[in-house]
1. Could you tell me which helices of the chain pass both thresholds, a Cα extent of 18 Å or more along their own axis and a mean Kyte-Doolittle hydropathy of at least 0.0, with helices taken as whole DSSP H runs?
2. Can you list the lysines whose alpha carbon is less than 29 Å from that of residue 214, not counting same-chain residues fewer than 8 positions off?
3. Can you bin the range 118-178 into rounded, prolate or oblate? Criterion: square roots of the alpha carbon gyration tensor eigenvalues sorted a ≥ b ≥ c, rounded for a/c under 1.5, prolate for a/b above b/c, oblate for the rest.
4. State the Cα centre-to-centre distance between the range 141-211 and the range 219-252 in whole Å.
5. Going by Cα centres, the range 265-331 and the range 77-103 are how many Å apart?
6. For the chain, what relative contact order do you get, as a whole percent, if you take Cα pairs closer than 8 Å and at least 6 residues apart?
7. With only Lys, Arg, Asp and Glu charged, each at its Cβ (+1 for the first two, -1 for the last two), find how big the charge dipole of the range 5-71 is about the Cα centre; round to the nearest 20 debye.
8. To check you understand DSSP bridge types, tell me what percent of the beta bridges within the chain (both residues inside) are antiparallel, rounded to 5.
Amino acid sequence: IIAMGIETSCDETSVSIVKNGRKILSNTIFSQIKQHQRFGGVVPEIASRQHLEAMAHVAEQSLKEADISFKDVDLVAVTHGPGLIGALLVGVSYAKGVAYALNKPLVGVNHIEGHIFANFLENNFAPPFLCLVVSGGHSHLVYINDYGDYEVMGRTIDDAAGEAFDKIARALGLGYPGGPAIEEAAKSGNETAISFPVAHIEENDLSFSFSGLKSAVLNYLNHQKQKGEPIVVEDVAASFQKAVVDALVENTLKAAQLKDVREIALAGGVASNHKLRNELTKRAGDNFRIHFPPPILCTDNAAMIACAGYYQYLRGVKHDLSLNAYANLSL
Ligand code: ATP
Ligand code: MG
Ligand code: FE
């Protein structure tokens, strides 16, 4: 089965062709980062308009790269939430048009489920496993018992991990998107220079909280400025990154022990962070096997949507042309 995946939930217009849920024939990604950079974040109205302009071109480019044409597509999978509503509507409308014109099945995919399924691309990894989903808008610990059978074990009670990276990067003048900029600056910084607090909710609670850490970093920056003391951006970046990673790794290992699983996967944009990958791998030791997609499959892409759509289709899920988009679709 050849699936066409379509992703427009945020600021990437992406179309991908994936064979049998695993083999990527093409994964075309048009990033709008340049259009949003000067605003320091994604502007929803600009995102929608950019998607509308790019959509058809990205699809044609993707078919070309896969060396197939529309008539070879067996299934159309599209992100229908969560995300920016105006952005989602562009992808959903386009997907409906393609499915209708080709008379092929249409499947609406949850974006977060898509991030998790990025772990299945180009390999034969399979459930059950525990997944830490850390992206721009979500921080979830999900137990994947089987395809389509999930248990959310923990989530953030305030900011998402990626959101924290973006906000601190902005405060440090490192620009957007913040994650890669903080990771880069942290390379030449001392992560023990400043001790930022990591929120511990309660012993058996698997929730995350990053707003306290965010305030601590902002307070530190204000304090240094008021005293006329220097701010070493690299040290702040490294110390902040360490605090986030420690919190993520700690809860992930706790959850894995509770479920008695051997396999732990990472997903979402923050999963491309090497400090997180290395620290989790190190602390897992021989007890757990750690999996993570290559960076390009961690951030938004349509290959993960095609993959998730394929497995949904195998489970008998199909949508009709009344498929809608939902800004807050939950897993
Ligand atoms: P969501 O998936 O929750 O709807 P999103 O689609 O905007 O949100 P993703 O594309 O999965 O999020 O990831 C983008 C986020 O990942 C941004 O917050 C970005 O700062 C963060 N990120 C990307 N690369 C890195 C990195 N190397 N280190 C830390 N964070 C990173
Ligand atoms: Mg993005
Ligand atoms: Fe995402």
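1. Details: long enough: 44-66 (31 Å, -0.51); 85-102 (25 Å, 1.51); 211-227 (24 Å, -0.87); 233-259 (39 Å, 0.31).
TM-like helix candidates: 85-102, 233-259.
2. Within reach: 34, 167, 187, 225, 227, 242, 254, 275, 282.
3. Details: a/c = 4.86, a/b = 1.96, b/c = 2.48.
Oblate shape, in that a/c is at least 1.5 and b/c is the bigger or equal ratio.
4. Between the Cα centres of the range 141-211 and the range 219-252 lies a distance of 13 Å.
5. Rounded to whole Å, the Cα centres lie 19 Å apart.
6. 25 percent
7. Values: 8 positive and 8 negative charges, 43 e Å.
Charge dipole of the range 5-71: 200 debye, to the nearest 20.
8. On the way: 27 of 44 bridges.
Percentage antiparallel, nearest 5: 60.
Each value in this text was obtained by applying a stated rule to the coordinates, not by laboratory testing. Here the structure is a predicted model, which means the values were calculated and not measured. When we count neighbours, we look across all protein chains shown, and the Cβ atoms used for this are built from the backbone with ideal geometry, even at glycine.
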